[in-house]
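The values are calculated or read from the model by the stated rules, or taken from the named source; none is laboratory data. None of the values given here were measured: they were computed from a predicted structure. Here the Cβ is made from the backbone with ideal geometry for all residues, glycine too, and neighbour counts use every protein chain on show.
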């Protein structure tokens, strides 16, 4: 069988645990199931990590400030996050999935890719297999949604179609048609700025991308980003499900006790608080030992808008974080800074196949 035919014959699923942190908390406090609640902080500086579906009916969403969430839903209950507990439950889910296939890739704490190509259960039906998995998870109190296709990108997008607690299949012969009908903001990596440029050029959905030459996309978005978007919309995603995740980035960020109004305070916080933490996470004793692809500084402003300044470099440099902080600071438009983060992107041996790079 040719390489192309093998890729067409693959059966890839993406399992997404629905409102995972909220489901985990209901396991410990079943009375929460009938009340709108959010995991996160409800104080002046608090942020919603996730909300149950009752709270979402009031418009409460993740990354929203706790104060705004309370205004939308005065009866909202806040539960402090317990990440150790969530990791424990995630590990239990992972172990369950391994009873179906050895090819399981944790994409995050609540998302898992499965390669079911060689699965023999249920006569090899990936759809019925995922129904069985989701049935078991439902009884564990951890409902999940799934997308199924012959590639990772489409499986991930399809997992959003029938949320919560549903699944959606995109057969190999349907992939191009499915992508053609997608708004571009559903394609991984197409953010607000890329979307604005594409829309201005008359490109709105996957079909539009499929009809233009790759060179035109590269003129709009840059050589690499244009090529990536063209690949995605042509349904080209040969990435395999890998059981050992390669760490792509290391970063630290912190919400400040009160908004900062001066750049020197931002730089001092990076120096005193964030740089030592990042050095420890990189597990090196000196910055010169950290071989990287790029480094970035992120600022989130008082209105919850955020900006990131980044620069390609082969070795991490503390002084570059300050320079990037100044670049990000120039975009603040008199707003205070409520969160500061710094990060580095690590070398990836499979970089040419990564379809989840940020196009921004």
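Closer than 24 Å to residue 10 by Cα and either within 18 Å of the chain's Cα centre (by Cα) or in a helix (DSSP H, G or I) (or both): is that true of residue 194 in this structure? For residue 194, the condition - closer than 24 Å to residue 10 by Cα and either within 18 Å of the chain's Cα centre (by Cα) or in a helix (DSSP H, G or I) (or both) - is not met. Each residue in segment 66-105 was checked for being within 11 Å of residue 38 (Cα to Cα), surrounded by 14 or more Cβ atoms within 10 Å (Cβ to Cβ) and either within 23 Å of the chain's Cα centre (by Cα) or assigned by TED's automatic domain parsing to the domain that holds residue 302 (or both), and 4 pass. Per the listing 311, 281, 264, the residue uniquely within 26 Å of the chain's Cα centre (by Cα), free of Cβ contacts under 8 Å to residues at least 60 places away in the same chain and not in a strand (DSSP E or B) is 281. Looking for something surrounded by 13 or more Cβ atoms within 10 Å (Cβ to Cβ), under 25 Å from residue 305 (Cα atoms), in contact with a helix residue (DSSP H, G or I) (Cβ under 7 Å, 6 or more places away or on another chain) and modelled with pLDDT under 95 - is there at least one such residue anywhere in segment 118-131? Among the residues of segment 118-131, not one is surrounded by 13 or more Cβ atoms within 10 Å (Cβ to Cβ), under 25 Å from residue 305 (Cα atoms), in contact with a helix residue (DSSP H, G or I) (Cβ under 7 Å, 6 or more places away or on another chain) and modelled with pLDDT under 95, which makes the answer no.
In segment 288-308, of all residues being surrounded by 19 or more Cβ atoms within 10 Å (Cβ to Cβ) and closer than 14 Å to residue 251 by Cβ, the one that is farthest from the chain's Cα centre (by Cα) corresponds to 290. Going by the structure shown, is residue 108 without any contact (Cβ under 8 Å) to a residue 12 or more places away in the chain and either surrounded by 13 or more Cβ atoms within 10 Å (Cβ to Cβ) or within 21 Å of the chain's Cα centre (by Cα) (or both)? Yes, satisfied. Taking the stated definitions as given, is residue 242 on the phi < 0 side of the Ramachandran plot and surrounded by 14 or more Cβ atoms within 10 Å (Cβ to Cβ)? For residue 242, the condition - on the phi < 0 side of the Ramachandran plot and surrounded by 14 or more Cβ atoms within 10 Å (Cβ to Cβ) - is not met. Before we move on, is residue 27 modelled with pLDDT of 95 or more, touching a helix residue (DSSP H, G or I) at 6+ places or on another chain (Cβ under 7 Å), in the same structural domain as residue 162 (by TED's automatic domain parsing) and surrounded by fewer than 20 Cβ atoms within 10 Å (Cβ to Cβ)? When the stated conditions are applied, residue 27 does not pass them. Of all residues in segment 177-187 being touching a residue at least 12 places away in the same chain (Cβ under 8 Å) and in contact with a helix residue (DSSP H, G or I) (Cβ under 7 Å, 6 or more places away or on another chain), which is surrounded by the fewest Cβ atoms within 10 Å (Cβ to Cβ)? Among them, the one singled out is 181.
Within segment 223-240, residues that are in the same structural domain as residue 203 (by TED's automatic domain parsing) and in contact (Cβ under 8 Å) with a residue 60 or more places away in the chain sit with their Cβ atoms under 7 Å from residues that are in a loop (DSSP other than H, G, I, E, B) and surrounded by fewer than 16 Cβ atoms within 10 Å (Cβ to Cβ), at 6+ positions apart or across chains, in these pairs: 228/357.
Residue count for segment 157-171, restricted to those that are surrounded by fewer than 17 Cβ atoms within 10 Å (Cβ to Cβ) and in a helix (DSSP H, G or I): 0. Is segment 233-248 home to any residue that is touching a strand residue (DSSP E or B) at 6+ places or on another chain (Cβ under 8 Å) and part of a strand (DSSP E or B)? No: segment 233-248 contains no residue that is touching a strand residue (DSSP E or B) at 6+ places or on another chain (Cβ under 8 Å) and part of a strand (DSSP E or B).
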